[in-house]
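Heads up, the thing below is written out as structure tokens.
Values in this text are rule-based calculations from the coordinates and carry no lab data. None of the values given here were measured: they were computed from a predicted structure. Because the Cβ atoms are built from the backbone with ideal geometry, glycine has one as well, and the counts that use them run over all protein chains shown.
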Amino acid sequence: MYKIILQKLLQAFITLFCATLVLFILTHLAPGDPVKLRLGLPTEVAMSNTKVYEDRVNELRSQLGLDQTIFVQYVRWVKQLLRFELGNSIHTGRSVSSEIAARLPATILLSIPALLIQIVLGLLFGTISALKAGKTYDSVIRIICVSLASTPAFVLGLFLLWLFAVTFNVYEISSEASLKRMWLPSILLGLLAAPQLIRIVRANMLSEFGQIYVLAALSRGFGTKRVVKHALRNALLPVITVVAISFTTLISGAVVIESIFSWPGIGKYALDSVILHDYPVIQGYAFIMVTLVIFINLFVDLVYFLIDPRIRRKGETGIEDYA
């Protein structure tokens, strides 16, 4: 068991290291100059002496360390990460860690209700779709899932904003993170995330319904509810993975929704920073999201190992079998 845990931890840290390298390179390869965006492009700034402007750009680039090689900048950033620091924003000069920490509660406030909505809809309609496979209920649920999955988030978000804020005037348009503004974006996030879970629950339930133990239970006169309960419990292992990943997806993927609803979370903060090419903020946000995904996956693997005796038996026979 301990060998498997150490192996998983080692894999997680190697993946994290590779992710930091890719994130840093991609961020710096993106077109645009954060220093000129901070000062204003020459065409947007009334300056009679272009040399003065270029000297100021070079001076600020030197202050920020952007005049050094990519390798030196990467090493400096990794050293900051080892000290649990994410650096300072190029445009505001504030600590990226404190800025993200100040906005993270607003994003979590949005994501937790959305996750609960996704779980309820996924388990309920996934089970119904499996029980009514091939019938009208199943077809309607699958059509709705395809429609939601294929509709861009910004289209549905703008439509709901127009419907509830403009037409019915029951939703407040502001930039405040409050409970009275939380319900609409949370419902939207939950609805957009539900189709994936519904499809997985349906597929796993249909697979369980074909198992011998289900047929044996039905032949012995066990009620449908009891059989469905046991089948659902056996089908929950893949659902745990989807729910765990969904939480990180809701946090990182709420960028569009937060921007549409002016929700002051980390998603909107990251989007604004991408527009400004604020390297430390982009790298810090991406690093936190990648770390969250990696260690949630690690946690799910360990949960599998603890609750599934088949995985434990494989672990006892050898790590190769588990892998």
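If every alpha-carbon in the range 2-82 counts as one equal scatterer, what log10 I(q)/I(0) does Debye give at q = 0.11, 0.15, 0.26 1/Å? Here the Debye-derived log intensity ratios amount to -0.47, -0.69, -1.23.
Please identify every one of the trypsin sites (Lys or Arg not before Pro) in the range 89-196 that sits in a loop by DSSP and has no more than 15 other beta carbons within 10 Å of its own beta carbon.
Arg94, Lys132, Lys135
Between Phe222 and any residue 5 or more places off or on another chain, the built amide H atoms are never under 5 Å apart. Ordering 55-62, 272-279, 155-162 by mean Cβ neighbour count within 10 Å, with the highest value first, yields 272-279, 155-162, 55-62.
Determine the calculated [θ] at 222 nm for the chain from helices alone, applying -39500 (n - 2.57) to every DSSP H run no shorter than 4 residues and normalising by the residue count; nearest 500 deg cm²/dmol.
Per the formula, -25500 deg cm²/dmol.
Residues whose amide H comes within less than 5 Å of that of Asn88, counting only those at least five positions distant or on another chain, are Val96 (H built at 1.01 Å from N in the peptide plane).
Taking only Cα atoms, what is the 0 to 90° angle, nearest 10, from helix 70-82's long axis to the longest principal axis of the chain? Helix 70-82 sits roughly 60 degrees off the main axis of the chain. With the alpha-carbon atoms of the chain aligned to their principal axes, the span from lowest to highest coordinate is 90, 60, 29 Å, starting with the largest. Simple rule: put +1 on each Lys or Arg Cβ and -1 on each Asp or Glu Cβ in the chain, find the dipole, and look at Leu9, Pro31, Gln63; the Cα lying farthest toward the positive end is Leu9.
Within 14 Å, Cβ to Cβ, of Ala217, how many net charges do the neighbouring residues add up to if Lys/Arg are +1 and Asp/Glu are -1?
+4
Across the alpha-carbon atoms of the range 13-135, the computed radius of gyration and Dmax are 22.9, 75 angstrom. Restriction of the chymotrypsin sites (Phe, Trp or Tyr not before Pro) in the range 18-120 to DSSP coil positions whose beta-carbon has at most 16 other beta-carbons within 10 angstrom yields Phe84.
Rounded to the nearest 10 degrees, what's the angle between the helix 2-29 long axis and the longest principal axis of the chain, both from Cα atoms, 0 to 90? The helix 2-29 is inclined about 40 degrees to the chain.
At a temperature of 4 °C and a viscosity of 1.567 mPa s, determine how fast the range 176-303 diffuses translationally according to Stokes-Einstein, using the Kirkwood radius over alpha-carbon pairs as Rh; express D in µm²/s, rounded to the nearest whole number.
Stokes-Einstein gives a translational diffusion coefficient of 74 µm²/s.
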